[in-house]
Protein chains: 2
Amino acid sequence: MKKFSIETYQGRRTKLKQKMGSGILLFLGNEESSSNFKDNWYPFRQDSSFLYFFGLDMPGLAAIIDIDQDLEIIFGDNLTTEELIWQGAHPPLSELAQEIGVKLTKSKNELPKFLEKNTKQKIHFLPPYRPENRQKLAEWLSISYSEIPSQASVAFIKAVVALRSIKTDEEIREINKAVNISVSMHKKAMKEAQPGMKEYQLLGLVNGEALAMGGHLSFPPIITIDGQILHNHNYSNTLIPGKMLLGDFGAESAMRYAGDITRTFPVGPEFSSSQKEIYQIVFQAYQTAVAALRPGIRFKDVHLLACRKLAEGLKELGLMKGNLDDAVDKGAHALFFQCGLGHMMGLDVHDMEDLGEEYVGYTDEFKKSKLFGLKSLRLGKELESGYVITIEPGIYFIPQLIDQWQSENLHSEYINYEKLAQYRNFGGIRVEDGYLITDLGSQILGDPLEIEIADVERIRRK
Amino acid sequence: MKKFSIETYQGRRTKLKQKMGSGILLFLGNEESSSNFKDNWYPFRQDSSFLYFFGLDMPGLAAIIDIDQDLEIIFGDNLTTEELIWQGAHPPLSELAQEIGVKLTKSKNELPKFLEKNTKQKIHFLPPYRPENRQKLAEWLSISYSEIPSQASVAFIKAVVALRSIKTDEEIREINKAVNISVSMHKKAMKEAQPGMKEYQLLGLVNGEALAMGGHLSFPPIITIDGQILHNHNYSNTLIPGKMLLGDFGAESAMRYAGDITRTFPVGPEFSSSQKEIYQIVFQAYQTAVAALRPGIRFKDVHLLACRKLAEGLKELGLMKGNLDDAVDKGAHALFFQCGLGHMMGLDVHDMEDLGEEYVGYTDEFKKSKLFGLKSLRLGKELESGYVITIEPGIYFIPQLIDQWQSENLHSEYINYEKLAQYRNFGGIRVEDGYLITDLGSQILGDPLEIEIADVERIRRK
C-alpha cells in the first residue's frame, strides 16, 4: 500500500479541523463490493476522501475526527488467526494508523457506541454513494435511509472540496503517473487497432495495459466506432474501415489518482476528408480552450470560447449559419456539442463528484445553467492555481437529437438542417487531455500523446 | 445481449412453478454498482438466478411470478428521450420481455404497489447479497434490514438449487466457452511469464485476454508466487527464479457462465526436484479424484480419497507418518490441504453460493462437518448427472499454521515436524479443472491445457 508521508496526512487533517472549527467528522471507508455473490468481489476501491485524509487503501475502515476533544480514531479490525492463515501476514491496524499519524485505533464495533455517547456534538458526514454506508449511517444516527442524503453536512462538504480542489506537487506527480499509464493505453490502442477487430479486443488490450503497469481503470472505458453515443459502454461492434474509433479511457495510479484521455482515430490508415474537417474543428476548439486556461477565468467562459470556436468551424462547413454570438448564447451549437468541456480530476476521475456538483463546480452565488448543453457542464466556476481539469471538446452527430430538433424546427436560424442530413451517420469526434492550472496559465499533464491529424495518421499507417 | 431460446426460459419458469405450487416469487435483478462515486460503475453483473429464469442482462429490473394468478411480470423502465440521446437506441423492455416469453412489463414504480396489493399471498424471495436489494426488500415488505436474510424463502431456495444444479446441454456448451477462454488466459500466462516480471503484469495479460475474447473475469484472479496464501489478491511480487507461480483464474462467457482453472508452474524453465515431488503428489490426488467421479458418489468421499492420496505421497516423502486412514479421519492431512476439493460451477463460479452452502452442497440430512479442512468443503453431497464441479487439490506450506500446530503438538503422531522445517518456505501447489458429471462418470470441460510436469516444462522452456 503506497502512501504519502505522515506529514501529508497530518497536514490535511489539521487544515480540515481549522476549516470546520468544531464537531465530530465521520469518515466511512468503503467495504468490499459484491458482484454475483457475497464473496465474489469487484476490485476494492477505497473512498477518495478517506484516502485523502487517512491514506489507508483497504476495506472495512472508518474514522472520526473529534475536533472538540482533539481526538482522531481509526475504527477497524485486525485479521483473526484463522484469517491470517488464509490471507497471509498483514501489519496490524495500529501500525498502519501510526504511519499516517493517527495514534488511536479501535474495533469497528466501537464506532456506533462512540457516536451514541457523543450526541451533544454535531456529527458531520459526507453524502454516501454506496448503499451499505448509507444504511450504516441510517442505523447509527437514527435517521431514515431516505433522509440520509439531505442530512449530509454542507460545511464538511465545502471544507473537503476546498482542500481537495488544490493539488499539491506530490499529488501532481501521482496524477502524472496516472496520465502516463493512460498515455500508454492509448498508444497501444492506436497502434494495434485493425479493421475486423471487435471493440472488446481493444478493451482487453487497454485494460490489460493499465493493470500490467500497476494501475487500475479510472472509469468504464468508452471504446467505440459510434462516438456519437456519449455514454456508450457497449463493445460489440466490429471495426470497419471508413469509421473512426473513439477511445475515452484512462487509469488510476497505484495511489488512486486518475488519468482521463480521449483520442479519435481512423479505423483505416487515414481520416476521410470530411473526418479531417470535423477533427480539425474539434482540435482548434481544444487549442482555443487550452490557450485560455489561467487562474481567475471562469471555466464556463472557457467552455463558451470552445463552443464559439466549434460554431465558427461548423459555419465554415455550412452546418451552422447566422450570428454565432447569438447562436452560442441560445445554445444552438449544443446540437453538435451536447456536453461540458471538462471536469476536475484528482482522486476521482470526476473529482469529488460524490460531494455534489453545486459545491465542486459552482458556488453559492454562481449556479449552473439549465440550458441544454450548459446543464451538462460539471465545472463552471473560476479556476485557481492547483486545479487539475480536463479539456474535452467534441462534435457529435446524434440522429435522434437531430430528428427531434428538426421536427421542432429548433434554432433553424443557426442550423442548416438540409446540409446536416449528409452528416447523419458521421459519428462523433472528441479529443481530451488533462491540464494543471498554474500561476502563469496551464500545463499539460503526462507524456506527449499524438493528437494532430498528421501525427495520428503516422501511427495508423505503420 | 445473448440469450437462450424463449422455450428455455419458459421451461425453466414452468418447472419452478411446479416445484413451488403457489405464492408469489419475487426476483430482484441487480443495479449498477458504484465504485468511488455514484455514476462511476463497476462492470455490470446481473444476478445469476434472474439471468437463469429471465435472461435479461441489464440493470434496473425485477420480476414476479404470481403462481396463483398465473401471472409473470417484468418490472423496469425504458430509456427516456434524453437517455436515448446519450445512450443510443435500445429495444423497449416489452420487446425484450417477449423474447424470453414474458407478456407483461410494468414500470419499476409499480412493483412496491403490486406487493402491497397482494398481502394475502406468501411472497417468496431469495437471500440478497447486495445491500441495495436488501434495503428494497426491507422497505417493500416492511421487514427490518437486519431480519431480511432470515426471512428468505427456503422453499424458493431449494427449488432454484434443484433446477440450477443440473446443467442442460446448452448450458454445458456455454460453460465450455467460458472454460476455453480460461484456457487461453492460462496458456498466455504460462508462455509469457518471465523472471523479473511483476505479478500484476501477468494480471494485465490474463485479464486483457479474457476481455479480448469477449468474456469477463469470473472471480478476482489469484496470480502469486506465494501460492500458500490461499486467499491472495496481492499482485505486487516480482517473479523470482526458483519460485513457482500459482495462477487460479478464469473467465465468464458472454452469457455469464463461469470457467475456473488453476495451474502452478516454475518461474524458471523447470521445477526443482522437490517441487516436482510435491507437484506429482498433487497431480496424483487430482487423478484419483477425477477417476472417482460418477453419479451417486458423495463428493465428500471424493474429497477424502484425494486427501488420502495426498497423505500417501506426503508419507513417502517423510512429511507424514503413521496410519493414514486414522490421519485422514482425524484431519491431520489438513495441515497441508486446508480447503475443499472443489465446488459447483455454473452461472456463478461458486455456483449459487448466494443461496447458501447448506442447500447447494449439502442436504437436510447430510450436514457439513465442522472439522478443520472439511469445514471448508463447499460441496459434500451425492453427485448427479448434469452437475458441473471443479477438482482442485493442493499442498500448501503455511508457516503460520505449521507454527500453530507444532506449538500445540497437534497430530504429531502423523506429522513429521522436524522434516517439515525444510519445506517452510516452499510455497503452495494447486491444479484445477472443471468436470461435468455424466451418466457414465465424468468429462473434462474445455480444451486441453497442459497439466503434467513434462508438458508444463515444455511450454516454460520455449
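Within segment B:401-410, identify whether any single residue is charged (D, E, K, R), within 14 Å of another protein chain (Cβ to nearest Cβ) and not in a loop (DSSP other than H, G, I, E, B), and answer yes or no. Among the residues of segment B:401-410, at least one is charged (D, E, K, R), within 14 Å of another protein chain (Cβ to nearest Cβ) and not in a loop (DSSP other than H, G, I, E, B), which makes the answer yes. Residues in segment B:127-154 that are within 19 Å of A:PHE37 (Cβ to Cβ), in contact (Cβ under 8 Å) with a residue 12 or more places away in the chain and in contact with a helix residue (DSSP H, G or I) (Cβ under 6 Å, 6 or more places away or on another chain): B:PRO127, B:PRO128, B:TYR129, B:GLU132, B:ARG134, B:LEU137, B:ILE148.
A quick yes/no check of all residues on (1) over 18 Å from A:TYR145 (Cα atoms); (2) in the same structural domain as B:GLU357 (by TED's automatic domain parsing); (3) among the acidic types (Asp, Glu); (4) crowded, with 17+ Cβ neighbours inside 10 Å:
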| site | (1), (2), (3), (4) |
| --- | --- |
| B:LYS108 | yes, no, no, no |
| B:GLU116 | yes, no, yes, no |
| B:ARG134 | no, no, no, yes |
| B:LEU141 | no, no, no, yes |
| B:VAL154 | yes, no, no, no |
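Just one of the listed residues (B:ASP364, B:ASP403, B:ASP354) is surrounded by 19 or more Cβ atoms within 10 Å (Cβ to Cβ) and assigned by TED's automatic domain parsing to the domain that holds B:GLY259, and it is B:ASP354. The set of residues in segment A:64-90 being within 9 Å of another protein chain (Cβ to nearest Cβ) and not acidic (Asp, Glu) consists of A:THR81, A:LEU84, A:ILE85, A:TRP86, A:GLN87, A:GLY88, A:ALA89.
Residue count for segment A:109-162, restricted to those that are closer than 15 Å to A:PHE27 by Cβ, more than 10 Å from every other protein chain (Cβ to nearest Cβ) and touching a Lys or Arg at 6+ places or on another chain (Cβ under 7 Å): 1. Starting from residues that are under 22 Å from B:GLY242 (Cβ atoms) and touching a Pro at 6+ places or on another chain (Cβ under 7 Å), keep the ones in segment B:179-224 and report whichever is nearest to the other protein chains (Cβ to nearest Cβ). Filtering segment B:179-224 for residues that are under 22 Å from B:GLY242 (Cβ atoms) and touching a Pro at 6+ places or on another chain (Cβ under 7 Å), the one nearest to the other protein chains (Cβ to nearest Cβ) comes out as B:LEU203.
Scan segment A:1-34 for residues that are charged (D, E, K, R) and either in a loop (DSSP other than H, G, I, E, B) or at the interface with chain B (Cβ under 9 Å from one of its Cβ atoms) (or both) and jot them down. Listed by number, the residues that qualify are A:LYS2, A:LYS3, A:GLU31, A:GLU32. The residue list A:SER385, A:SER369 contains one member that is in contact with an Asp or Glu (Cβ under 6 Å, 6 or more places away or on another chain) and either more than 14 Å from chain B (Cβ to nearest Cβ) or surrounded by fewer than 18 Cβ atoms within 10 Å (Cβ to Cβ) (or both), which is A:SER385. The numbered conditions (1) part of a loop (DSSP other than H, G, I, E, B); (2) β-branched (Val, Ile, Thr); (3) within 17 Å of the chain's Cα centre (by Cα) are all true for B:THR390 except (1). Flag: B:ASP248 matches the condition of being within 14 Å of another protein chain (Cβ to nearest Cβ), in contact (Cβ under 8 Å) with a residue 60 or more places away in the chain and touching a Ser or Thr at 6+ places or on another chain (Cβ under 7 Å).
Taking the listed residues A:PHE50, A:PHE44, A:PHE37, the one that is surrounded by fewer than 20 Cβ atoms within 10 Å (Cβ to Cβ), within 14 Å of chain B (Cβ to nearest Cβ) and either within 29 Å of B:TRP41 (Cβ to Cβ) or in contact (Cβ under 8 Å) with a residue 24 or more places away in the chain (or both) is A:PHE44, with no other qualifying.
Inside segment A:238-261, residues that are more than 22 Å from A:GLY227 (Cα to Cα) and not in a strand (DSSP E or B) make up a count of 5.
Restricting B:ILE278, B:ILE240, B:ILE261 to residues that are farther than 21 Å from A:ASN36 by Cα, more than 8 Å from every other protein chain (Cβ to nearest Cβ) and either among the aromatic types (Phe, Trp, Tyr) or crowded, with 24+ Cβ neighbours inside 10 Å (or both) narrows the list to B:ILE278.
Conditions tested, residue by residue: (1) within 14 Å of chain B (Cβ to nearest Cβ); (2) touching a residue at least 60 places away in the same chain (Cβ under 8 Å); (3) under 16 Å from A:GLU392 (Cβ atoms).
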position: A:LYS300; (1), (2), (3): no, yes, yes
position: A:LEU305; (1), (2), (3): no, no, yes
position: A:GLY322; (1), (2), (3): no, yes, no
position: A:ASP325; (1), (2), (3): no, no, no
position: A:ALA332; (1), (2), (3): no, yes, no
position: A:PHE337; (1), (2), (3): yes, no, yes
position: A:HIS343; (1), (2), (3): yes, no, yes
position: A:LEU347; (1), (2), (3): yes, yes, no
position: A:MET352; (1), (2), (3): yes, yes, no
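The values are calculated or read from the model by the stated rules, or taken from the named source; none is laboratory data. What you see is a predicted model, and the numbers here were worked out from it, not measured in a lab. Here the Cβ is made from the backbone with ideal geometry for all residues, glycine too, and neighbour counts use every protein chain on show.
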